[in-house]
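Chemist: Pasting in a structure now, in structure tokens, and then I'll have a few things to ask.
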Amino acid sequence: MAARDRYSRKLECSQCGNTGFAEVSEIDDKRAANRDFRIDELPTSFRTEFASTDPRKHMIRCSDCGFKFRFEQKSVYAPGGEARR
């Protein structure tokens with residue numbers, strides 16, 4: 001059985017600015033067809049809209065404004081490499 005990588009990822013709603021950190025895990029073999037992606041802990045201000053074992057297809061909904069977005073998406077950073085505020 002493959003080991004699981006565990007990491008935190010900042011979630012940010014682009015509509016209202018709500019933020020939080022999700023604790024996630026996936027198998028550590030990046031060559032595997034299925035990464036077996038799982039959200040272990042999700043902030044109370046976000047909820048899963050559509051669960052998927054692929055982080056690019058896993059949909060999150062902001063509980064504050066109802067905006068939906070993909071868990072893994074391209075992030076827009078301000079000049080200097082810092083996250084938007």
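Chemist: Across the range 30-43, what is the total count of residues that are surrounded by 12 or more Cβ atoms within 10 Å (Cβ to Cβ) and assigned to a loop (DSSP other than H, G, I, E, B)?
Modeler: Total meeting the criteria: 5.
Chemist: If you go through the range 5-28 one residue at a time, do you hit one that is among the aliphatic types (A, V, I, L, M), outside any strand (DSSP E or B) and open to solvent by less than 50 Å² (accessible area, probe 1.4 Å)? So that I can check it myself, show each step before the final result.
Modeler: Step one: of the range 5-28, the residues among the aliphatic types (A, V, I, L, M) are 11, 22, 24, 27.
Now narrow it down to the ones that are outside any strand (DSSP E or B): none.
No.
The values are calculated or read from the model by the stated rules, or taken from the named source; none is laboratory data. As the structure is a computational prediction, the values presented were derived from the model and not from experiment. FYI the Cβ positions are ideal-geometry reconstructions off the backbone, even for glycines, and counts take in every protein chain you see. Side chains are part of the model used for accessible areas, which takes the heavy atoms of the whole protein and leaves out ligands, DNA and RNA. Shrake-Rupley method; radii C 1.70, N 1.55, O 1.52, S 1.80 Å.
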